[in-house]
Amino acid sequence: MNTATLIQRVWNFCHTLRDDGVGYGDYLEQLTYLLFLKMAHEYAQPPYERDLGIPKKYDWASLRRLSGEPLEAHYLAVLHELGRKGGMLGAIFFKAQNKIQDPAKLSRLVQMIDEQDWVGMDADTKGDLYEGLLQKNAEDTKSGAGQYFTPRPLIQAMVACMRPQPGESIADPSCGTGGFFLAANEWLVGGASWLKANADWLGHEGRALNAKEKKALKSGTFHGNEIVPGTRRLCLMNLVLHGIGDLQGEPAVERSDALIAEPKTPVDLVLANPPFGKKSSMTITNEEGEEDRDALTYERQDFWETTSNKQLNFLQHIVSLLKVNGSAAVVLPDNVLFEGGAGEKIRRKLLDTCDVHTVLRLPTGIFYAQGVKVNVVFFDNAPKDGRVHTKGIWFYDLRTNQHFTLKTRPLKLEDLRDFVRCYHPANRHQREETERFRYFPYEQLVARDKASLDVFWLKDDSLERLDDLPPPDVLRQEIIEHLEAALSAFRDVAAALPRFPPREV
């Protein structure tokens, strides 16, 4: 079976299962379990002859010889047993469940995977197939998976600005399905289609890695956290299919809340898009059996301020995660740039203790989680020497008079070309102002109300030139997103209000 035929079969089978109520996310999980087992089986054969710790009673051969109800029963036993193991094996099968209720279709899926040599397949091919399914899952707004999927063109532009180097350690404390790790890996290895297609302006000057660098890239470069078990499972498989990590050993992504404790090992680079939503919370059940959400605060000595604001906590954590002179590029919502109270105190500390040098203001309509207004904040950690390290910030406005929608005009890497050029990754100290790219000195920024970094200067043309309004479908989507953003903000306010017991009458 050639690659194109295989990809088409995988997609078609996904649509077949959707008719039975199995969504992209559920299909991805089942595909992950079975792919792991099949690849482990292939590695156990010559010339590899590797033992990945799967008991023969629960290996791939034990599955493929069954059909019908015996297959379904044995598949459940396999998922349960392997979920009790440690290392990568236990991470993939942690709390695994069978979502394919028709034994005949489960048998067809096993057969389809069995027909293909997955270990020998090109990493780009099987990786792109899996990434495509992840994106389809993110587009399914009902599943909520969009919050774990950052638009790949944005990730690629951020990586192009950061330009990771061989030997550098890279972290993402909320890594979702692993998009930042994949793009950084592609930048280091070279050869990815997005690098080839845009080589003239990305400035990629990759070189062939030596054996030591290849080994470090595969198993020692990336360090992540993902608190949601299912998302972590998809992330790990996504990385393995792209040649990062290994089916054997310990996973590069921990299933833990990154905010709980101070990082043990600082890193060179952080690339991250912390989860949207303002408040950190946990669900508790009261004596009446009713569920309630209780705000979480993290008592950490290395944090500048104690707050239940998830975004501010992630920002503080990322600073503590960096080595001295380490660099970060972080997607943050607008409220982090202007919020008072703890937000203002954290912003002032960030400006003083780090070199915050660039802010990219992003338009709406590019994220699967709708109604969010976000920015990418670029900064370098600095020695704790009592000096102010931010001299000034360059702002790039990709928001004013820009209109994007997920369906009709999705964000493309080309849309970020001018920003990457203005960023000047080769030497960011040789920048020049343009209409959309402007410099504001430190003294001017800290003198603003609450040291707000919510800076804009371009005029919205739609306010004066009605003939130049975007198409109705774009306007409609923008109105929806603005309303959803307002509703989200109101929910945050409502959640923070004290609760009073009902009055007796």
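Structure values in brief
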{"read-out": "Near pairs, Cβ below 8 angstrom, 6+ apart or cross-chain, from segment 110-122 (open to solvent by 20 Å² or more (accessible area, probe 1.4 Å)) to any residue that is part of a loop (DSSP other than H, G, I, E, B)", "value": "Glu115/Met1; Gln116/Met1; Val119/Tyr48"}
{"read-out": "Count of residues meeting criterion [acidic (Asp, Glu) and open to solvent by 40 Å² or more (accessible area, probe 1.4 Å)] in segment 158-185", "value": "1"}
{"read-out": "Positions within segment 416-447 being out of contact with any helix residue (DSSP H, G or I) (no Cβ under 8 Å at 6 or more places or on another chain), open to solvent by less than 30 Å² (accessible area, probe 1.4 Å) and in a helix (DSSP H, G or I), in sequence order", "value": "Cys422"}
{"read-out": "Segment 320-344 residues that are under 24 Å from Pro266 (Cα atoms) and basic (Lys, Arg), paired with ones that are modelled with pLDDT of 95 or more and open to solvent by 20 Å² or more (accessible area, probe 1.4 Å) (beta carbon under 7 Å, 6 or more apart)", "value": "Lys323/Pro266; Lys323/Asp268"}
{"read-out": "Selected residue (only one of Leu106, Leu63, Leu82 is crowded, with 17+ Cβ neighbours inside 10 Å, more than 30 Å from Leu269 (Cα to Cα) and touching a His at 6+ places or on another chain (Cβ under 8 Å))", "value": "Leu63"}
{"read-out": "Segment 336-365, residues that are open to solvent by 10 Å² or more (accessible area, probe 1.4 Å), within 20 Å of Thr400 (Cβ to Cβ) and assigned to a loop (DSSP other than H, G, I, E, B)", "value": "Thr364"}
{"read-out": "Some residue of segment 33-52 being small (Gly, Ala, Ser) and either under 29 Å from the mean Cα position of the chain (by Cα) or closer than 19 Å to Met237 by Cα (or both)", "value": "yes"}
{"read-out": "Selection count where residues are of a type in the set (A, V, I, L, M, F, W, C) and open to solvent by 20 Å² or more (accessible area, probe 1.4 Å), scope segment 210-239", "value": "4"}
{"read-out": "Flag for Thr390 being over 24 Å from the mean Cα position of the chain (by Cα), part of a loop (DSSP other than H, G, I, E, B), buried (at least 19 other Cβ atoms within 10 Å of the Cβ) and of a type in the set (S, T, N, Q)", "value": "yes"}
{"read-out": "Count - residues of segment 1-52 that are open to solvent by less than 70 Å² (accessible area, probe 1.4 Å) and not in a loop (DSSP other than H, G, I, E, B)", "value": "30"}
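Yes or no, residue by residue, for (1) more than 22 Å from the chain's Cα centre (by Cα); (2) over 23 Å from Val267 (Cα atoms); (3) in a loop (DSSP other than H, G, I, E, B):
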residue: Met158; (1), (2), (3): no, no, no
residue: Pro164; (1), (2), (3): no, no, yes
residue: Gly176; (1), (2), (3): no, no, yes
residue: Asn185; (1), (2), (3): no, no, no
residue: Leu188; (1), (2), (3): no, no, no
residue: Gly206; (1), (2), (3): yes, no, yes
residue: Leu209; (1), (2), (3): yes, no, yes
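The values are calculated or read from the model by the stated rules, or taken from the named source; none is laboratory data. Keep in mind that what you see is a predicted model, and the values were worked out from it rather than measured. No Cβ is skipped: glycine too gets one built from the backbone with ideal geometry, and neighbour counts run over all protein chains shown. With ligands, DNA and RNA removed, areas are computed over all heavy atoms of the protein, side chains included. Shrake-Rupley method; radii C 1.70, N 1.55, O 1.52, S 1.80 Å.
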